[in-house]
1. Where the centroid of each part is defined by its Cα atoms, how far is the stretch A:1-53 from the stretch B:46-104 in Å?
2. With only alpha-carbon atoms in the gyration tensor, what are the semi-axes of the equivalent ellipsoid for the stretch A:31-88, in Å, largest first?
3. Output the pairs from B:13/B:53; B:18/B:53; B:18/B:70; A:61/B:18; A:61/B:53; A:68/B:55 with a Cα-Cα distance over 29 Å in this structure; if there are none, say none.
4. Just going by the charge dipole of the protein assembly as shown, with Lys and Arg at +1 and Asp and Glu at -1 on Cβ, which of A:50, B:31, A:19 is farthest out on the positive end?
5. Counting DSSP beta bridges in chain A, what percent are antiparallel, to the nearest 5?
6. What does DSSP give for chain B in terms of the percent of beta bridges that are antiparallel, rounded to the nearest 5?
7. Write out the chymotrypsin sites (Phe, Trp or Tyr not before Pro) in the stretch B:49-110 meeting two conditions: DSSP loop, and at most 16 other Cβ atoms within 10 Å of their Cβ.
8. What do you get for GluC sites (Glu not before Pro) in the stretch B:23-73 restricted to DSSP loop and a cutoff of at most 13 other Cβ within 10 Å of the site's Cβ?
Amino acid sequence: AQSVTQPDIHITVSEGASLELRCNYSYGATPYLFWYVQSPGQGLQLLLKYFSGDTLVQGIKGFEAEFKRSQSSFNLRKPSVHWSDAAEYFCAVVDEQGAQKLVFGQGTRLTINP
Amino acid sequence: DVKVTQSSRYLVKRTGEKVFLECVQDMDHENMFWYRQDPGLGLRLIYFSYDVKMKEKGDIPEGYSVSREKKERFSLILESASTNQTSMYLCASSYWNEQFFGPGTRLTVL
């Protein structure tokens, strides 16, 4: 069965520092990959997605992610975080069984120190 | 912009009550989903629907049922609420594998 692993449950960074959130997946073919962000008490918002093509994907709010097939990874990055980036971040992959289902990682909670 | 709305942001019910959570999307999407979200467990799929009156069980369907009588509306039903169903419930619709989420309903069962 497919799986998505986000190894870091909680990360704390200082405002202005760079950020990298890790995501590893298991998938047989070329995966469709997503990063979502959830602000406290809210639903999930799509940050970016990878379907094919350029392995470096740009998203909203200054985020980017890089697909590395050899490492089965799709890590999320931002060069300089803002206090408003404090949220929970979820990596997801499309389920091979179809029906447009997604398999989600357990999430990484990001705290920003002033 | 796609809009997915959920009938309540917060809901408090008593054990044994029948609970309806409503979800409406305005983009004519075929597929709709219900998840529950619990700390440390991420999002777990309860049920999904790929067309009107069509439904499929997800990973944790026990204790839940769903209804999809119209394309835009997907309802989650707790036939007899229990305290272990206290959770955040998220609805989503999808287009080309991208899912669009509602704001969530935080349900507390006392």
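The values are calculated or read from the model by the stated rules, or taken from the named source; none is laboratory data. Please read all numbers here as calculations on a predicted model, not as lab measurements. When we count neighbours, we look across all protein chains shown, and the Cβ atoms used for this are built from the backbone with ideal geometry, even at glycine. The protein model used for the area step is the full one, side chains on, heavy atoms only, and it has no ligands, DNA or RNA in it. Shrake-Rupley method; radii C 1.70, N 1.55, O 1.52, S 1.80 Å.
1. 23
2. On the way: eigenvalues 93, 32, 18 Å².
Output for the stretch A:31-88: semi-axes of 22, 13, 9 Å.
3. Values: B:13/B:53 27 Å; B:18/B:53 21 Å; B:18/B:70 21 Å; A:61/B:18 41 Å; A:61/B:53 38 Å; A:68/B:55 35 Å.
Too far apart for the 29 Å limit: A:61/B:18; A:61/B:53; A:68/B:55.
4. Of the options given, the answer is B:31.
5. Values: 33 of 38 bridges.
Close to 85 percent.
6. Working: 37 of 41 bridges.
In chain B, DSSP labels about 90 percent of beta bridges as antiparallel.
7. Those satisfying the criteria are B:96.
8. Answer in residue order: B:62.
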